[in-house]
Amino acid sequence: LLLRWRRRRALWRKVALAQERQERSLVRMEAAAQRFREQHPSVNPVSILSLPLPELSRKLRDGSLPPDHVFYAYVGKALQIATETNCITEFLQESESQLRRVKLMERQGLLYGVPVSIKDSIDCQGHDSTLGFIKCLNKPAAEDSVVVQVLKRQGAIPFVKTNVPQSLISYDCNNLLFGQTRNPLLYTRSPGGSSGGEGALVGGGGSILGIGTDVGGSLRFPAAFCGICAIKPTGNRLSKRGVMSGIVGQKAVAAAVGPMAKDVESLALCLRALLCEDMFSLDSTVPPLPFNQEVYSSTKPLRVGYYETDFFTMPSPAMRRAVRETKQLLEEAGHTLVPFELTNVDHVVFNYCVRGMFTDGGRSFVKNFKGELEKGGTALFLWLAKAPHWLKTLLCWISKPFVRSISFYLSQQLWDSTSTPLTTSTFPPQDFRHQFIAQWNKLNLDVMLCPMLGPAFGIGYPAKLSVAVSYTMLYNALDFPAGVVPVTLVTDEDEEQLKGYKGYYQDWWDRTLPKAFGGGVGMPVAVQCVALPWQEELCLRFMKEVETL
């Protein structure tokens with residue numbers, strides 16, 4: 001007991017030091033912003049912060065806007081949003097040195113002089129990628145991840161790292177090291193996750209471009225919850241070298257690196273910059289597919305599949321209305337809308353998504369938490385993973401009438417990787433993927449319009465409602481590019497209709513969902529735009545059409 005007490009005290013000391021380092025980062029940001037204001041009192045940061053990324057980039061490259069004016073305008077705004085939402089974990093102090101080097105460079109690179117925020121789990125040389133774990137403290141990355149290297153070669157200036165949930169396997173944003181990140185639109189709401197720090201910072205205007213990752217909706221949840229845009233590309237369209245994973249080695253559910261910004265044009269500019277020779281030479285596993293501007297710029301009418309529900313997680317009234325209104329606008333603009341029927345989503349979620357993520361019975365995931373002080377929202381999962389089979393069988397029998405398919409969570413099939421061999425022919429689920437594409441091709445679709453979970457849940461609810469990832473995780477299992485665009489706000493009528501929310505199973509999850517949705521009047525609601533693998537440009541083109549309409 002004494003040894004355990006001493007070890008825990010040492011761990012708490014590490015947590016305190018991490019929090020002190022975070023505080024020092026914010027102090028340095030404040031000092032840097034204040035120093036610049038004193039030296040350049042005539043610079044108006046408001047006018048700089050109001051510029052969309054494409055216009056800001058043009059002004060930086062043509063020399064009409066100095067890089068230091070832009071950089072310190074965003075440092076000051078980022079500090080304000082960090083104070084309000086707790087979204088920044090570390091200021092990259094070398095960004096000031098990089099700024100000085102950028103000023104001496106020729107004005108080239110599509111992102112010349114643009115400050116960019118980076119998710120905690122993406123390596124930046126000399127800085128920790130903690131994933132919210134104590135064990136990852138004081139282990140600075142030896143080199144930049146490939147995506148950060150390419151950003152720098154394109155003239156961008158990574159300037160902060162942002163908060164994540166512990167282990168990344170959550171769509172909230174809370175960990176013991178840095179605490180809870182709040183939604184910039186309503187502080188009692190979650191910003192989403194796992195790229196929640198990015199969502200809060202970009203949504204609050206403290207960053208014009210953020211880079212995050214997505215393994216079940218981790219870019220799309222924060223974007224939808226914070227009222228911004230994001231795209232999850234096909235898993236290997238952008239390099240993942242130097243990007244840390246919450247479950248090392250799993251490939252069944254495709255993770256992806258992607259951008260977050262206020263508008264679709266900014267996302268397109270970012271992908272145009274990243275999909276270059278530098279990306280392909282630094283990571284030869286990335287297919288050399290440059291950005292296809294012709295596809296993105298096309299005005300050809302689209303054939304759009306759509307659905308309002310996946311018949312697993314009942315959509316909120318605002319979610320359903322968002323799809324219906326977007327469908328109507330698309331039809332009025334000359335596009336063809338075709339109903340698409342999803343089937344067996346419960347089977348897909350549990351057999352392909354959940355089981356695919358934990359193909360080793362959850363062993364490697366559980367191992368991540370060994371020696372940690374807190375298990376976050378995963379405590380029940382970790383306990384179940386360690387529980388004997390007879391106890392899981394008993395709990396399965398008891399809980400089956402109350403929570404949908406809970407028997408799958410508890411079954412030996414999930415927790416014992418030896419019960420059914422998990423081979424590359426089983427995961428990724430290629431048969432399911434081919435069937436889905438066959439249905440898509442039979443309807444001759446270009447793209448798909450889908451619901452996106454919203455409005456933002458109250459803080460704490462994502463941990464209780466893992467079931468709600470069904471709308472997003474489907475496209476990680478399929479490895480399709482998927483983006484989100486905010487299209488409406490929750491109305492009083494939506495809130496009134498929520499009183500009649502029953503769900504499809506009337507279980508504990510369905511009784512909890514309306515509480516999570518409730519009280520969201522005025523909060524943004526997005527739709528999800530999907531294309532076939534490797535068609536990011538078409539996905540963005542569709543997102544742009546939705547945004548414009």
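For the pair residue 394 and residue 6, how long in nm is the line joining their label points, each one 7 Å along Cα→Cβ?
Computed distance between label sites residue 394 and residue 6 equals 3.8 nm.
Report ³J(HN,Hα) in whole Hz for each residue of region 311-320, in order, from the Karplus equation J = 6.51 cos²θ - 1.76 cosθ + 1.60 where θ = phi - 60°; Gly and Pro get x.
Calculated HN-Hα couplings, in order: 6, 10, 10, 5, x, 5, x, 5, 4, 5 Hz.
Going through the cross-link list 386/464; 240/370; 152/251; 103/135, which pairs have a Cα-Cα distance over 31 Å in this structure?
103/135
With runs of 4+ DSSP H residues as the only contributors, calculate the mean residue ellipticity of the chain at 222 nm using -39,500 (n - 2.57) per run, divided by the residue total and rounded to the nearest 500.
Estimated from H runs of four or more residues: -12500 deg cm²/dmol.
Which listed residue (204, 148, 525) has the Cα farthest towards the positive end of the charge dipole for the chain, taking +1 on Lys and Arg C-beta and -1 on Asp and Glu C-beta about the Cα centre?
Selected residue: 148.
About the Cα centre of the chain, what is the dipole size in debye to 20, counting +1 per Lys and Arg Cβ and -1 per Asp and Glu Cβ, all else neutral?
Roughly 1840 debye, rounded to the nearest 20.
Considering only protein heavy atoms and a probe of 1.4 Å, how much of the accessible area of region 1-291 is carbon and sulfur, as a whole percent?
Carbon-and-sulfur percentage of accessible area, whole number: 53.
Which entries in the list 161/499; 327/499; 161/232 go over 28 Å, if you measure between the two C-alpha atoms of each?
161/499
Where in the chain is the longest stretch that carries no GluC sites (Glu not before Pro) classed as loop by DSSP and with at most 14 other Cβ atoms within 10 Å?
Longest stretch, sites excluded: 342-549.
Which one, 114, 43, 17, is farthest towards the positive end of the dipole of region 1-291 when Lys and Arg carry +1 and Asp and Glu -1 on their Cβ?
Most positive-ward Cα: 17.
Kindly provide the trypsin sites (Lys or Arg not before Pro) of region 479-549 that DSSP labels as loop, not H, G, I, E or B, and whose Cβ sees at most 16 other Cβ atoms within 10 Å.
502
Could you do me a favour and compute the accessible area per residue for the chain, 1.4 Å probe, result in Å²?
40 Å²
So which chymotrypsin sites (Phe, Trp or Tyr not before Pro) in region 472-529 pass both tests, a DSSP loop state and at most 16 other Cβ atoms within 10 Å of the Cβ?
Loop-located and lightly packed - 504.
Could you tell me the center-to-center distance, by alpha carbons, between region 515-549 and region 209-272 in angstrom?
Cα centroid to Cα centroid, the span is 14 Å.
For region 1-291, max minus min Cα coordinate along each principal axis, in Å, sorted largest first?
65, 47, 36
With unit charges on the beta carbons (Lys and Arg positive, Asp and Glu negative) and the dipole taken about the Cα centre of the chain, which residue among 191, 373, 322 sits farthest to the positive side?
Going by the charge dipole, the pick is 373.
Round to a whole angstrom and tell me the spacing of the C-alpha centers of region 45-70 and region 429-507.
Going from one Cα centre to the other spans 36 Å.
Looking at region 1-291 only, what percent of DSSP beta bridges run antiparallel? Nearest 5 please.
65 percent
Could you tell me the ratio Rg/Rh of region 1-131? Both radii from Cα atoms, Rh via Kirkwood.
1.09
Measure out, as a whole number of angstrom, how far apart the alpha-carbon centroids of region 171-205 and region 310-329 sit.
25 Å
Need one number: % antiparallel among DSSP beta bridges in the chain, to the nearest 5.
Antiparallel bridges: around 65 percent, rounded to the nearest 5.
If you take Rg and Dmax of the Cα atoms in Å from the coordinates, which of [x] 29.2, 93; [y] 22.7, 72; [z] 36.5, 120 do you get?
Computed from these coordinates, Rg and Dmax of the Cα atoms in Å corresponds to label [y].
The values are calculated or read from the model by the stated rules, or taken from the named source; none is laboratory data. Small disclaimer: the values here were computed from a predicted structure and weren't measured. So basically every Cβ, Gly included, is an ideal-geometry build from the backbone, and we count neighbours across all protein chains shown. The accessibility values were calculated without ligands, DNA or RNA, using every heavy atom of the protein model including side chains. Shrake-Rupley method; radii C 1.70, N 1.55, O 1.52, S 1.80 Å.
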